[in-house]
Each structure stands twice: as C-alpha cells, then as structure tokens.
Amino acid sequence: MPDTDSPSHGPNAASERGSRGRPDGVAPERGERGGQPGGPPDPSAIDTSRRPFVLVWEVTQACDLACDHCRADARPERHPDELTTEEGKRLLDEARSFGDGQLVVLSGGDPLARSDLLELVEYGTDRGLRMTLTPSGTNSLTPDVVADLADAGIERLALSIDGASAEAHDDFRGESGSFAQTVAAARAAQEAGVPLQINTTVCAATVDELESIRDLVADLGAVLWSVFFLVPVGRGRVLDPVSPERAEETMAWLSEVSESAPFGVKTTEAPHYRRVAIQRKRDASDAPGDDGIGRRLGITAGDGFAFVSHTGDIYPSGFLPQSAGNVRSDSLVERYRESDLFRSLRDPDALRGKCGACEFRHICGGSRSRAFAHTGDPLESDPLCAYVPDGYEGAMPSGRAGAD
C-alpha cells in the first residue's frame, strides 16, 4: 500500500507530490506541477499539523492472497464490522474537510472484495478528493475492472511486485499466477491511461531481487517505485528484515537509481533514506545547495499521514496500530490535529534514545512504526538505522537487528 515516508526522486518527481502532482511520495506525471488553479494543492503550502498529505482508508481486510508480509493478516472473508457504504461516504465527506484536493488511498486487504468500491471511488471523486487504489494482484483485477475504475475517477493504481520472476513473486505472495495477473493489470492500467505505482517489500528474502525489479518497473511504465522496508507486524513478523548495514547500502543504491531512472523512487517506513541521500550529495561534486536533495522533505506516521482501519480506528499508519479514536464516534480531522498521539509524532524533539540525539531527527526521525513494533513505544529509536550520531554514548535501539 502507498504509505509514508521518504521523497520521490527522478525525472518524473517533483517534491513528494503523488498522482498527477500528489503529495504522497508518488511522482507526478511529466510536466505537471502542484498548486496551479484547478489542480492539486502545492505540497510546500500544506501544514502537516492541520492535514495529512495522505489519508489511507483500509476499506476491507478481505483478500484471496496469503502474502508472507501482509500487515493486515488478511483472510478471504470480509469482517462483519467493516465500515458500511454510508459510513464510508461520511468518512470521505470528512476527508474533504481537511482541504482542497485531499489525497485518499483505498487500501486493504483487497479493495476489490467490496462490491461498492466503484461507488466509493465515484463519490470521493465527485467531492473533489483525489482517489487512488492499492488492489491485490488476483484474477478479479481484469482489464474491464481497471477501465471501470478509470471511468469512476481513480487517479493512481498501486500494484505490488516482490520478485522479478513469477517464481519469486508468487512464492512470496503465496499464490500461483499472482505475478502474471499483476503484470497484466499493470498493462491494463497503461491502456486505460491510469498512472501506475509499483510497491516492493525489502526483506532478506527479496533484497537480492531489487535490481531486476527495477528493470521491470521501468518496462511497465510506472511513474513511481515505492520501496517498503519491512516492519514486523501481521504476517510480516515471521520474515527476516535486512540488517541495518544492508539497509544503508540498499538506500544508497536507491538514491543512485533515482538519479537516472525514468520513474520516481520513494521509500516507505525508511525515512533515513533522506539522510542517506543528503549524505551522498554532500560527498558528491555535484551536490545541490539546499537540503541536499533539492526538494521538500517527506512524510512519516502521524505527520502528513493518517490511516483509518476497516472498522474505523484512526491510526498514524497502518504499520503503527495505536488508535487515536474511531471515525464512528470521533472526528477524524480533530483526532489528526489534536490527539496526543498524533501531536507527539509530529515533534522530533520528543524522540528518545539514538533518534532523539540525532542531528537528522528533523528530516528523518526514524520509522515510528518499526520503533513501536520492536519496543511498544512509537517514540523510541528505529532499530533498522545504522547511523550513530557523533558523540552519542547512550543505549542503542533494542529489538532484532535483522539478517541478510
């Protein structure tokens, strides 16, 4: 799913604007810029203490796949307490209250498990929301369905590819045929004129596939490659993450890829990608003068990002399942702006341990989701980060460091 955190780079990337200039880390289409009359809001003008760049609504946890990394621990059947169609429309009405051009990602599970999906897309589009979707690569995602989604107003389709071959991808996804179905859906998106994003999970089982996946992302004509560094939640708890050192090497490689790829590059749950990119540029002869990567900084859980679960719980991220309320009884806008949880996550000086002492905390801050998964405290240090601030002599992050 499109998630938080680091900026997109590359020829198609302008700031962290998302679909057609969207501020979700998804690269815009060529030639488009945010903030123009009738277009999406300029990301640089958005106050993330007042509204998120990205609002994800997990419309269902139902899915026919059994992916090894699934955050939702999805099951084939829909939950009986999912938000209803009318409750979902009320949620979209409130999302509109954040401001013009709010980006909404319909996620899952597999959103196509809901029979009212097209109705919800059309409803959000009619209210000026920028509706995007993260469907599963199953036989339900036919070219006709992709065309119907385009007609309903969907502005971005995000598909997951975790292996460059059918064997590698299908093994990770737990379903034979998933790779072929995903590639076919990507081709259908091209035919329908729907901008395509490819999501890839980085863990010990997939990291060696990244170079080949990069080539496939280009071949599919995607505008963004969103690279997710594993957080041990849901079924992902049984997977081995990469080590902090391998993560650092991978982020440096992604930064290099971003400089020449025909698509944007962003990371999810790896905000230290921003630090790595800045440090690379500082060491390079062509280093730009501003923030080291020439663009506005990214988003993190609770700061520019909000997540509503299938039953209405309000989370800073789908990977940080600590609730700040429920949309059935609480205002999403008020909870995002005023809850203690969200406010603390927007304060880099509230961070503890190594992250709290780091000079990059205002531009990185570490994955709050990973800190929560390992320690139960979203303000603790991120155990995937290899960087140690100069002079830091405190405790190192606890939790599993990862394996290659």
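Bear in mind these aren't lab numbers, they're just calculated from the coordinates by the rules spelled out. Just so you know, these numbers come straight off a predicted model, no measurement behind them. So basically every Cβ, Gly included, is an ideal-geometry build from the backbone, and we count neighbours across all protein chains shown.
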Here the range 245-260 yields Karplus 3J(HN,Hα) values (6.51, -1.76, 1.60; θ = phi - 60°; whole Hz; Gly and Pro given as x) of 5, 5, 4, 4, 4, 5, 5, 5, 5, 4, 4, 5, 4, 4, 7, 10
Summed over the other residues with a beta carbon less than 14 angstrom from that of Asp219, with K and R at +1 and D and E at -1, the charge totals 0
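Suppose a student asked you for the relative contact order of the range 43-339, using Cα pairs under 8 Å spaced at least 6 residues apart; what percent would you report?
The value is 20 percent.
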Going fewest to most other Cβ atoms within 10 Å around each Cβ, Lys281, Lys266 line up as Lys281, Lys266
Along the dipole axis of the range 43-339 (charges at Cβ: +1 for Lys and Arg, -1 for Asp and Glu; origin at the Cα centre), the most positive-end residue among Ser136, Leu239, Val327 is Val327
Treating only Lys and Arg (+1) and Asp and Glu (-1) as charged, each at its beta carbon, one finds that the range 43-339 has a dipole about its Cα centre, in Debye to the nearest 20, of 860 debye
When Tyr336, Tyr123 are arranged by how many other beta-carbons sit within 10 Å of their Cβ, fewest first, they go Tyr123, Tyr336
Computed curve, the range 43-339, Cα-only Debye sum without solvent term, log₁₀ I(q)/I(0) at 0.07, 0.10 Å⁻¹, is -0.25, -0.53
Going from the fewest other Cβ atoms within 10 Å to the most, one would list Ser49, Ser176, Ser260 as Ser260, Ser176, Ser49
Burial-style ranking of 198-206, 242-250, 139-147, average other-beta-carbon count within 10 Å with highest first, yields 198-206, 242-250, 139-147
For the range 78-164, averaging the sequence separation of alpha carbon pairs under 8 Å that lie six or more residues apart and dividing by its residue count, the contact order in percent is 29 percent
